[in-house]
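**Q** The structure under discussion is supplied below as structure tokens; questions concerning it will follow.
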Amino acid sequence: MPSVFIKTYGCQMNERDSEAVAAQLVAKGYSLAGSEDLADVVLLNTCSVRDMAEQKAINKMGALIGNARKRKTNQKFGFMGCMAQSRGKELIDRLPDVDLVLGTQKFHRAGEYIDALLAGNSKQVVDTEAEKGSEAAIREHINDGQSAKKAVTAFVSIMQGCNQYCTFCIVPYTRGKERSRTIEDIVKECRQLVDQGVKEITLLGQIVTSFGRREIGSKDDKSAFVQLIEAVHEIEGLDRIRFTSPHPKGYGDDLVQAFVDLPKLVESAHLPLQSGSNRMLKLMHRGYTRERFAEIIQKLRAVKPHMGIGTDIIVGFPGETEEDFQETMSLCQELQFQNAFIFKYSPRKNTPAAKMPDQLPEELIEERHARLLNAVDELRGGMYQDYVGQEVEILVEGPSRKNAERLEGRTRCNKIVIFDGGQRHIGQLMNVRVTSASPTTLYGDPAIVNLTE
Ligand code: 5AD
């Protein structure tokens, strides 16, 4: 049977979509190739959130096609995901040897289209149409008994799309309007994963705080999203729950309280700030102020003082002045994020911000980006060091990505801990003592490990 190689760009949602497509193809009898050169079919699952991500995938496809021509292979090539959705046929006009362009509502059709391409029944396929019910179609997991390596953690997609229309953001155009799965359907998928050995589930969506807002609604002052977390929390054998990404606008007291009431919901929150300037937040159409954002963080820290809090920030949004930028700097200082992704503003096709006056020059954006990165790194500098000597609970996920001889687990606050251990530790919750720290990783001593199970 033919083999497939999938390369993924962008967010965890994309990783999840790639996994579902891989599982779907494996179920049809395809094998997963170890490299792009060995594969009969190469798929690039793309990201459109910044121009650089799009350019990377386009250049990669150009190189793949060039290489295939040189080696005279008969490989098939496809773009799927966000850039496939936003650029569609334009991608084939640019790279005529591309065989497949598959939009974000069509992942579940990958198998049939690839079969047809390989059988010679289709020449080229472009499908970026909307499809009703597609939010519930991404359900296969590679773990479904097909893989020898059992997964400890899994992503579960709970909804698709976003209605927030932040002025910089292309996501509403690539992922469409908000559509949520039912709680029953999601719980069923989670339960199956737990039956196969999964211990930690991350609930995924572009704006999870809007989950089921219209379809399900609030009950007893609990949002549909909190109702979902409660339902997943009931699954026996599941140890941990995470979610990403929430929007500050929907981060209600019910969600803060969930961290108190639901012990499986771990102390980790990724909450995108984007800017510390109220003027910028308004132009970005974010729907909150810096004061409201800080209040959410304070509430989270009031219930869980050691919560690991991460964020996303954009520098160089159109019209951003030095004063606006300083507001972002000062809020970072005030809130002390454990982790901050800092992005240079990138104008996106058809977004309102791309047409705003006062687009900033590249050099200024670069310079602010470097300054904020430095400041955030400095603020974070001591944070990992503070863990040395402490005992932390980790869920052991498998061999370390840095050194396969050692094992890697994650704390509840989402910090990676590397330690010496064996196969039998994988999937276990353990307490380890942190013995040393680098700026991004903790190291634990196996000598003082207590198995808790
Ligand atoms: N330019 C730069 N960064 C962006 N992001 C989203 N759109 C853009 C853009 N046009 C960032 C935001 C978001 C993260 C996933 O990507 O910070 O939270």
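**Q** Given bins 5 angstrom wide, list per bin the percent of all Cα-Cα distances in segment 175-221, short to long.
**A** The calculated distribution, bin by bin, is 5, 18, 23, 22, 18, 11, 4.
**Q** Is there a quick way to get the dipole size of the chain? I mean about its Cα centre, with the Cβ of Lys and Arg at +1 and of Asp and Glu at -1; what is the value in debye to the nearest 20? Spell out each step's value before the answer.
**A** On the way: 59 positive and 62 negative charges, 201 e Å.
Roughly 960 debye, rounded to the nearest 20.
**Q** Now for a separate question. Output wanted: per-residue J couplings in Hz (rounded whole) for segment 123-136, from phi through Karplus 6.51 cos²θ - 1.76 cosθ + 1.60, θ = phi - 60°, x for Gly and Pro.
**A** 8, 9, 10, 10, 9, 10, 5, 6, 9, 4, x, 5, 4, 9
**Q** Looking at the calculated P(r) for segment 28-139, what percent of the C-alpha pair distances fall above 25 Å? Numbers along the way, then the final one.
**A** On the way: 1090 of 6216 pairs.
Value for segment 28-139 (Cα pairs over 25 Å): 18 percent.
**Q** Now for a different question. Could you check the simple spin-label distance between Glu184 and Lys28, using points 7 Å along Cα→Cβ, in nm with one decimal?
**A** For Glu184 paired with Lys28, the spin-label model returns 3.0 nm.
**Q** Given H placed 1.01 Å from N in the peptide plane, which residues other than close sequence neighbours of Phe5 have an amide H under 5 Å from its amide H?
**A** Excluding prolines and chain starts, which carry no amide H, the hits are Ala33, Val41, Val42, Leu43.
**Q** Could you give the radius of gyration (one decimal) and Dmax (whole number) of the Cα atoms in segment 1-92, in Å?
**A** Cα only, segment 1-92: 12.9, 36 Å (Rg, Dmax).
**Q** What full-extension length gain, to one decimal in nm, is calculated for Ile216 and Asp115 as 0.36 nm per residue of separation minus the Cα-Cα distance?
**A** On the way: separation 101, 0.36 × 101 = 36.36 nm, distance 3.79 nm.
Using 0.36 nm per residue and subtracting the Cα-Cα distance, I get 32.6 nm.
**Q** Would you grab the residues whose amide H sits under 5 Å from the one on Gly444? Only those 5+ places off in sequence or on another chain, please, with H modelled 1.01 Å from N.
**A** Placed amide hydrogens put Ile418, Phe419, Thr435 under 5 Å from Gly444.
**Q** In segment 276-378, what trypsin sites (Lys or Arg not before Pro) fall in a loop by DSSP, with at most 13 other Cβ atoms inside 10 Å?
**A** Numbers: sites: Arg279, Lys282, Arg286, Arg290, Arg292, Lys299, Arg301, Lys344, Arg348, Lys349, Lys355, Arg368, Arg371; in loops: Arg286, Arg348, Lys349.
Passing sites in segment 276-378 are Lys349.
**Q** Divide the volume of the convex hull of the Cα atoms of segment 361-405 by its number of residues and quote the answer in cubic angstrom per residue. Let's see the in-between values first.
**A** Working: hull volume 6.2 nm³, N = 45.
Roughly 138 Å³ of hull volume per residue.
**Q** For the chain, just give the cysteines left without a disulfide-compatible partner, judged by no other Cys Cβ under 4.7 Å.
**A** Cys11, Cys47, Cys82, Cys162, Cys190, Cys332, Cys413
**Q** May I ask you to compute the full-extension gain from Asp195 to Leu379, defined as 0.36 nm times their residue separation minus their alpha-carbon distance, rounded to one decimal in nm? Walk me through the numbers on the way to the answer.
**A** Details: separation 184, 0.36 × 184 = 66.24 nm, distance 4.16 nm.
Net length gain for the segment: 62.1 nm.
**Q** Enumerate the whole-percent occupancy of each 10 Å bin, from 0 to the last occupied one, for all C-alpha pair distances of segment 349-453.
**A** In whole percents, the pair-distance histogram is 14, 35, 18, 14, 14, 5, 0.
**Q** With each pseudo-label sitting 7 Å past Cα toward Cβ, what's the Glu295-Lys349 distance in nm, one decimal?
**A** For Glu295 paired with Lys349, the spin-label model returns 4.0 nm.
**Q** Answer with one residue from Tyr165, Tyr30, Ser346: the one whose Cα lies farthest towards the positive end of the charge dipole of the chain, charges on Cβ with Lys, Arg +1 and Asp, Glu -1.
**A** So the residue we want is Tyr30.
**Q** To the nearest 20 debye, what is the magnitude of the charge dipole of segment 220-344 about its Cα centre, counting +1 on the Cβ of each Lys and Arg and -1 on the Cβ of each Asp and Glu? Could you put the intermediate results ahead of the total?
**A** Details: 14 positive and 19 negative charges, 50 e Å.
For segment 220-344, the charge dipole is close to 240 debye.
**Q** Asp312 to Glu131: extension gain in nm, 0.36 nm per residue of separation minus the Cα-Cα distance?
**A** Details: separation 181, 0.36 × 181 = 65.16 nm, distance 3.06 nm.
62.1 nm is the gain from fully extending Asp312 to Glu131.
**Q** At q = 0.27 Å⁻¹, work out log10 I(q)/I(0) for segment 311-351 with the Debye formula, treating every Cα as an identical point scatterer and leaving solvent out; two decimals please.
**A** -1.00
**Q** Please report the spacing between the Cα centers of segment 91-132 and segment 15-57 in Å, no decimals.
**A** 13 Å
**Q** State log₁₀ I(q)/I(0) for segment 216-317 at q = 0.19, 0.20, 0.24 Å⁻¹ as given by the Debye formula over alpha-carbon point scatterers of equal weight, solvent excluded.
**A** Each listed q corresponds, in turn, to -0.97, -1.05, -1.34.
**Q** Return, ordered by residue number, the residues of segment 321-340 whose backbone nitrogen is under 19 Å from a label point located 7 Å along Cα→Cβ of Gln359.
**A** Within reach of a label on Gln359: 321.
**Q** For the chain, what is Rg from Cα atoms divided by 2.2 N^0.38 Å, rounded to two decimals?
**A** For the chain, the normalised Cα radius of gyration is 1.00.
**Q** For segment 79-237, taking Cα atoms only, what is the radius of gyration to one decimal and the Dmax to the nearest whole Å?
**A** In Å, with Rg to one decimal and Dmax whole: 17.8, 56.
**Q** Let me ask something additional. With unit charges on the beta carbons (Lys and Arg positive, Asp and Glu negative) and the dipole taken about the Cα centre of segment 288-328, which residue among Ile314, Ala302, Thr289 sits farthest to the positive side?
**A** Ala302
**Q** Roughly what % antiparallel, to the nearest 5, for the DSSP beta bridges in the chain? Can you show the working numbers first?
**A** Values: 23 of 65 bridges.
The answer is about 35 percent antiparallel.
**Q** OK, next. Kirkwood Rh, segment 68-111, all Cα pairs: how many Å? Walk me through the intermediate numbers first.
**A** Numbers: mean 1/r = 0.0902 Å⁻¹.
Final number for the Kirkwood radius of segment 68-111 is 11.1 Å.
**Q** Here's another thing I want to ask about it. Taking N as the number of residues in segment 281-392, what is its Cα Rg relative to 2.2 N^0.38 Å? Please report the intermediate quantities before stating the final value.
**A** Values: Rg = 16.0 Å, N = 112, 2.2 N^0.38 = 13.2 Å.
Normalised Cα radius of gyration, segment 281-392: 1.21.
Every read-out reported here was derived from the displayed coordinates using simple, explicitly stated rules and does not represent laboratory data. Everything numeric here is computed off the predicted structure, so don't read it as measured data. Here Cβ is always computed from backbone atoms with ideal geometry, including for glycine, and neighbour counts include all displayed protein chains.
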